[in-house]
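**Student:** Here's a structure for you.
The numbers here are math on the coordinates, done by the rules we state, and not lab data. On a predicted model such as this, the values are computed, not experimentally measured, just so you know. FYI the Cβ positions are ideal-geometry reconstructions off the backbone, even for glycines, and counts take in every protein chain you see.
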Amino acid sequence: MKRILIVDDEMIILDMLTEFFEFKGYQVISASTEAEAKLSFEANKNDINVVILDMLLKHTTSEDLFFYMKQLKPELKIMISSGLSLDEFDEDLKKLTWQFVKKPYVIDDLVNLVDQAYH
C-alpha cells in the first residue's frame with residue numbers, strides 16, 4: 001500500500017492533491033494544521049513513507065513538524081513544498097529534505113517524484 005501524508009493549510013490545494021493522489025492509487029492522509037499532522041503521523045507512522053509538507057502553515061513554519069517526524073522515523077522521505085526558496089531554510093532541514101518543489105508546481109511532476117520514492 002502506497003500511503004502518503006499531505007500537509008497544507010490551503011484547503012483547495014490539500015483537496016486537489018488528495019483527490020489526485022487517490023486517483024493515482026495512493027492512500028492519502030491529509031492535514032491542514034501542524035497539530036493535526038502530528039496526530040495523523042503518530043497514528044500511521046509505520047505505514048507512511050512519504051510526506052508532502054507545506055513549509056508555511058498559518059502562524060508558523062513547519063520546521064518543528066519536519067524535525068519531529070524525522071526524529072520518529074529517520075528514513076521518512078519528506079518533500080518540502082513552498083513559495084520560498086530552499087535557501088531560506090535551516091541548513092539541517094535542507095540536508096534532510098528528500099525533495100523540494102517550489103510553488104506553484106505541476107501536479108504531474110509532484111506525482112512522478114512521489115512515485116520514485118516507491119520504486
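**Student:** Run the quick spin-label model on residue 100 and residue 86: label points 7 Å from Cα toward the beta carbon, then report their separation in nm to one decimal.
**Tutor:** Placing both labels 7 Å beyond Cα along the Cβ direction yields 0.5 nm.
**Student:** Take the cross-link list 24/45; 38/95; 2/77; 58/103; 45/70 and give me the ones stretching past 19 Å between alpha-carbons.
**Tutor:** The pairs that break the limit, which is 19 Å between Cα atoms, are 24/45; 38/95.
**Student:** Ok, one more. As an exercise, use a Förster radius of 25 Å and the Cβ-Cβ distance of residue 109 and residue 75 to find the FRET efficiency, rounded to the nearest 0.05.
**Tutor:** That gives a FRET efficiency of 0.60.
**Student:** Whole number please: convex hull volume per residue, Cα atoms of the chain, in Å³.
**Tutor:** Residue-normalised Cα hull volume stands at 96 Å³.
**Student:** What does DSSP give for the chain in terms of the percent of beta bridges that are antiparallel, rounded to the nearest 5?
**Tutor:** Beta bridges within the chain, antiparallel portion: roughly 10 percent.
**Student:** Give me 54, 8 ranked fewest to most by other Cβ atoms within 10 Å of their Cβ, as a rough exposure proxy.
**Tutor:** Starting with the residue having the fewest Cβ neighbours, the order is 54, 8.
**Student:** Size of the dipole of the chain about the Cα centre, Lys and Arg at +1 and Asp and Glu at -1 on the beta carbon, nothing else charged, in debye to 20?
**Tutor:** Computed about the Cα centre, the dipole is about 380 debye.
**Student:** With a 10 Å Cβ neighbour count serving as the proxy for reagent exposure, in which order, fewest first, do 32, 85 appear?
**Tutor:** 85, 32
**Student:** Would you work out the relative contact order for the stretch 3-117, in percent, from Cα pairs under 8 angstrom that are 6 or more residues apart?
**Tutor:** 23 percent
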